[in-house]
Amino acid sequence: MGKPHCHRYVDSSASNVAMPAHLKRLLVGAGLVLVGSTLISASSASNRRAVTPFDFFTTREASSPQISPDGQTLVFVLEEPGPRKEGQPWSGDHDLWKMPADGSAAPQRWLASPQKDWSPRWSPDGGTLAFLSKRNNADGDPSSTQIYLSDPHGTELRQLTRVTGDVSGFRWAPDGRTLAFLLADDPGDAVTGPQLSSRPKPLTALFEVSVLGGDLRRISPSDLNVIDFDWSPDGTRIAALSSPSAKVSDLVSARQLVILDPSVGEVARRFTNRIGWDSPVLWSPDGELIHVDVWSPSPGDAWSPALISATDGHTQIVLDGIKATIADTRWSADSRFLYGQLLEGNQMSLAKIDRETGAIERLSPTGVNVFAKNSYTIHDQSGRVVFLKGSPSTSPDLWLIGEDQTSKQLTRLNPQFDAIRFGDVREVKWRNPDDGHTVHGFFVLPLDYQEGRRYPMVTILHGGPTSAWRIGWSDGFTDWGQQLAALGYIAFFPNVRGSLGAGVDYANANTGDLGGIDYEDAMSGIDAMVSQGFADPNRLGVGGYSYGGYLSSWSITQTPRFKAAVSGGILSNLISFYGTTDNPVYLRVHLGEPPFAEPSLAWQRSPLKHAAQVTTPVMFYGGDSDYRTPPGQVHEMHRAVEDAGVTTLKVLYPGEGHGFVDRNNQLDLMQRMLDWYGRYLPAD
């Protein structure tokens with residue numbers, strides 16, 4: 001394998017992006033004033049204020065950058081908070097923005113509507129931009145997602161599809177004459193009628209439509225559920241990720257790679273590889289290989305990037321044995337390289353990988369989430385790469401790497417953060433004393449941190465468990481680090497075994513041992529933070545969401561060391577969880593049950609079984625429409641802790657699923673979280 005290397009970059013100045021009036025009013029209402037195009041605090045810049053929860057929900061977020069085929073124009077999606085109205089959900093407004101790809105002029109709002117516009121994709125010749133939108137369509141249904149087309153100037157805009165339901169994804173055919181897109185079958189009265197377990201969920205099919213409009217043509221078999229797809233370079237075949245049904249358990253664990261013949265709408269070839277649950281499907285430009293993620297042959301949830309021969313199915317693992325995770329991949333135009341976001345330990349960077357040698361070229365740190373999609377765009381002919389880049393103290397902006405390999409900031413979307421202080425971030429490694437294995441993580445220091453002084457510390461555990469914390473901009477919902485640091489806490493983010501970013505074996509290490517080795521890793525990490533003089537052993541808190549909610553709930557049943565806990569989207573009773581979640585295969589993958597033995601490991605590792613041992617004041621929360629970790633899990637654990645005579649609070653948010661969408665609810669949760677720690681784990 002070639003030796004990994006990286007480039008040194010030179011930064012240039014950034015362009016400001018005009019801010020809408022309602023957002024200016026929101027920020028002024030938060031104690032900020034607008035001067036020119038830059039926001040500063042009412043006090044001097046040398047006296048910057050601490051961050052608040054509200055700040056994280058007024059950020060402007062770019063996504064899906066797309067360089068035009070001639071390399072001259074960059075289009076991207078910009079999400080802005082949108083006006084906040086009393087008694088209504090607070091959601092983001094998505095519009096398409098445009099700028100020169102070399103950054104020679106500031107970005108401008110290009111295509112906008114009161115509804116959501118997103119997922120821009122240039123036609124192969126660059127003469128048309130297709131995108132998804134919920135803008136009012138010809139049938140008068142503003143909630144329906146349709147494909148729209150625009151010329152490069154935005155003067156000729158038309159609706160291409162007029163389908164019942166929502167288009168969920170599309171790709172241009174290589175000749176640019178048609179588009180293929182995904183659309184779920186009409187559910188009929190399944191939404192409003194009796195909910196029958198015998199009634200299958202509607203399948204998602206693949207359709208083709210001419211750019212000139214006209215009738216749609218179904219190009220996938222009627223019994224095939226299509227998850228994602230990509231055209232072959234010659235446009236004669238389609239590689240598709242499929243599943244036998246649309247049940248979540250099949251979407252997760254029964255994915256299969258197939259090749260479709262769109263001329264007859266039939267499967268031409270099936271591959272036997274077990275496909276990872278978050279896998280891409282990308283046909284190489286030379287037509288030889290299909291890139292997917294395949295599950296590791298060892299038990300667990302980890303996957304490896306793979307290249308599968310389109311002709312004989314031969315499979316080559318990429319990054320085999322490398323202690324890293326790659327995501328958001330795509331091919332170079334010559335098929336020699338895979339680009340992707342590479343997570344190594346706690347750090348995420350945009351990387352370029354030689355498909356033959358496995359040599360890694362790290363292009364730039366990015367700090368994006370490991371599950372982020374469409375976080376960069378590449379134009380091979382000009383050598384330009386535009387990507388999202390953030391840090392713990394700077395919200396993500398678009399950056400450009402040019403032919404000379406220098407780095408230039410293209411946008412400055414949130415100048416208001418210049419007036420805000422953030423806690424410093426440090427990486428940490430420690431050894432689990434039980435087996436001597438090295439574990440990694442990082443922590444955020446309080447503002448005005450003083451060396452040698454101990455501080456209250458909250459340990460925040462990530463979801464998954466096949467996920468990871470990374471050093472970057474906080475999402476404000478599950479990553480509470482900077483909010484806690486602003487109030488005088490250390491926030492500790494352990495990437496315990498079961499995490500991504502350290503290889504397949506590390507990610508699979510807690511398989512069959514939920515609440516075992518991962519719990520011990522977290523506790524030994526807390527011990528390390530205490531022994532190194534950072535954390536006060538008498539002022540410790542814990543929290544997390546989803547699997548982090550499970551592990552934090554489990555932790556307070558195993559030790560009395562925590563003075564406060566905040567656990568959301570929890571799994572409290574693994575047996576009742578199996579019967580009520582939309583993803584029952586989760587327990588089979590991670591714990592090997594059901595069938596439930598006697599005694600059952602699922603019950604032994606359920607926080608509910610040990611709830612009488614809880615002494616920590618704990619706030620449980622979740623969405624009342626969460627099908628992944630149903631609210632019954634919160635109900636059960638809250639009642640058991642309450643019966644044990646321990647202070648506890650249950651907070652359920654109406655209409656929210658596993659990922660909250662209403663910013664009002666997200667903001668309320670952040671404020672309640674800080675209040676809970678402030679009351680039972682005061683920082684003073």
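Region 324-338 to region 570-631: how many Å between their Cα centroids?
37 Å
With r as the distance between the Cβ atoms of ARG679 and THR155 and R0 = 60 Å, compute the FRET efficiency 1/(1 + (r/R0)^6) and round to 0.05. Provide the component values of the computation, followed by the final result.
Details: r = 58 Å, r/R0 = 0.96.
The value I calculate is 0.55.
Using a/c under 1.5 as the rounded threshold, could you call region 59-180 rounded, prolate or oblate? The axes a ≥ b ≥ c are square roots of the C-alpha gyration tensor eigenvalues, and prolate needs a/b larger than b/c, oblate otherwise.
Numbers: a/c = 2.22, a/b = 1.16, b/c = 1.91.
Oblate, since a/c reaches 1.5 and b/c is not below a/b.
Residues with beta-carbon under 12 Å from that of ILE317, excluding ILE317: net charge, scoring Lys, Arg +1 and Asp, Glu -1?
Working: positive: ARG355; negative: ASP293, ASP320.
Local net charge: -1.
How far apart, in nm, are two points set 7 Å out from the Cα along the Cα-to-Cβ line at ASP185 and at THR559?
A separation of 5.1 nm, rounded to one decimal place.
Grab the beta carbon distance between LEU652 and LYS429, set R0 = 56 Å, and tell me the FRET efficiency rounded to 0.05. Could you put the intermediate results ahead of the total?
Numbers: r = 38 Å, r/R0 = 0.68.
Efficiency at R0 = 56 Å is approximately 0.90.
Which FRET efficiency value, to the nearest 0.05, is calculated for LYS201 and GLU288 with the Förster distance at 51 angstrom and r the Cβ-Cβ distance?
Details: r = 35 Å, r/R0 = 0.69.
About 0.90, to the nearest 0.05.
For q = 0.07 Å⁻¹, what log10 I(q)/I(0) does region 422-680 give under the Debye formula with an equal point scatterer on each alpha carbon and no solvent?
The Debye formula, applied to the Cα set alone, gives -0.21.
Are there any GluC sites (Glu not before Pro) in region 43-132 that are in a DSSP loop and have at most 13 other Cβ atoms within 10 Å? List them by number.
Here the GluC sites (Glu not before Pro) that fit, given the DSSP loop and packing criteria, are GLU86.
Rank these for me by crowding, MET670, MET637, MET457, going from fewest to most other beta carbons within 10 Å.
Working: MET670 19, MET637 28, MET457 24.
If I rank by nearby Cβ atoms, fewest first, I get MET670, MET457, MET637.
Cut-off under 22 Å on the C-alpha distance; same-chain residues fewer than 8 positions from LYS134 excluded. Which lysines are left, in chain and number order?
LYS85, LYS98, LYS116, LYS373
In nm, what is the difference between 0.36 nm times the number of residues separating ASP527 and HIS635 and their Cα-Cα distance? Spell out each step's value before the answer.
Values: separation 108, 0.36 × 108 = 38.88 nm, distance 3.18 nm.
The span from ASP527 to HIS635 would gain 35.7 nm if fully extended.
Can you tally the net charge around SER531? Count Lys and Arg as +1, Asp and Glu as -1, for every other residue whose Cβ sits under 12 Å from the Cβ of SER531. Could the numbers behind the result be given before it?
Values: positive: ARG431, ARG454; negative: ASP527.
Local net charge: +1.
How big is the charge dipole of the chain about its Cα centre, in debye rounded to the nearest 20, if each Lys and Arg gets +1 on its Cβ and each Asp and Glu gets -1 on its Cβ?
Details: 60 positive and 76 negative charges, 256 e Å.
Dipole about the Cα centre, nearest 20: 1220 debye.
Which is farthest toward the positive dipole end of the chain among PHE493, LEU289, ALA564, measuring Cα position about the Cα centre, with Cβ charges +1 (Lys, Arg) and -1 (Asp, Glu)?
My answer, from the dipole projection, is ALA564.
What's the extension gain from ARG218 to PHE371 if we count 0.36 nm per residue and subtract their Cα-Cα distance? Please list the in-between numbers first.
Details: separation 153, 0.36 × 153 = 55.08 nm, distance 3.04 nm.
Contour length minus the Cα-Cα distance gives 52.0 nm.
Local charge sum around GLY678 (other residues, Cβ-Cβ under 14 Å, Lys/Arg +1, Asp/Glu -1)? Let's see the in-between values first.
Values: positive: ARG539, LYS563, ARG672, ARG679; negative: ASP675, ASP684.
Residues close to GLY678 contribute a combined charge of +2.
When a/c is below 1.5 the answer is rounded, else prolate if a/b is larger than b/c, else oblate, so apply that to region 570-684 with a ≥ b ≥ c taken from the square roots of the Cα gyration tensor eigenvalues.
Numbers: a/c = 2.55, a/b = 1.36, b/c = 1.88.
In terms of gyration-tensor shape, oblate.
With the dipole of the chain worked out from charges on the C-beta (+1 for Lys and Arg, -1 for Asp and Glu) around the Cα centre, which of ILE147, LEU388, LEU196 lies farthest toward the positive end?
LEU388
By how many nm would the segment from ARG269 to ASP418 lengthen if fully extended, with 0.36 nm per residue of separation less the alpha-carbon distance? Could you put the intermediate results ahead of the total?
On the way: separation 149, 0.36 × 149 = 53.64 nm, distance 5.49 nm.
So the chain would gain 48.1 nm between ARG269 and ASP418.
Using alpha-carbon positions, what is the distance between the centroids of region 424-452 and region 457-534, in Å?
Computed from Cα coordinates, the inter-centre distance equals 10 Å.
By the gyration tensor of its Cα atoms, with a ≥ b ≥ c the square roots of the eigenvalues, what is the shape of region 221-285: rounded for a/c under 1.5, prolate for a/b over b/c, or oblate? Before the final figure, lay out each step's value.
On the way: a/c = 2.24, a/b = 1.42, b/c = 1.57.
Oblate is the answer for region 221-285, as a/c is 1.5 or above yet b/c matches or exceeds a/b.
State to the nearest 20 debye the size of the charge dipole of region 138-244 about its Cα centre, where the only charges are +1 on K and R beta carbons and -1 on D and E beta carbons. Could you put the intermediate results ahead of the total?
On the way: 9 positive and 15 negative charges, 33 e Å.
Approximately 160 debye in magnitude.
Taking other Cβ within 10 Å of each residue's Cβ, how do SER600, SER567, SER304, SER197 sort, fewest first?
Arranged by neighbour count, lowest to highest, SER600, SER567, SER304, SER197 become SER197, SER600, SER304, SER567.
Could you work out the longest stretch of the chain that avoids the trypsin sites (Lys or Arg not before Pro) located in DSSP loops with at most 11 other Cβ atoms within 10 Å? Numbers along the way, then the final one.
Numbers: sites that count: ARG8, LYS85, ARG453.
The longest such stretch corresponds to 86-452.
Only the coordinates and a few stated rules stand behind these numbers; no lab work does. All values reported here derive from a predicted model rather than from experimental measurement. Reconstructed Cβ throughout: ideal geometry from the backbone, glycine too, with neighbour counts over all protein chains shown.
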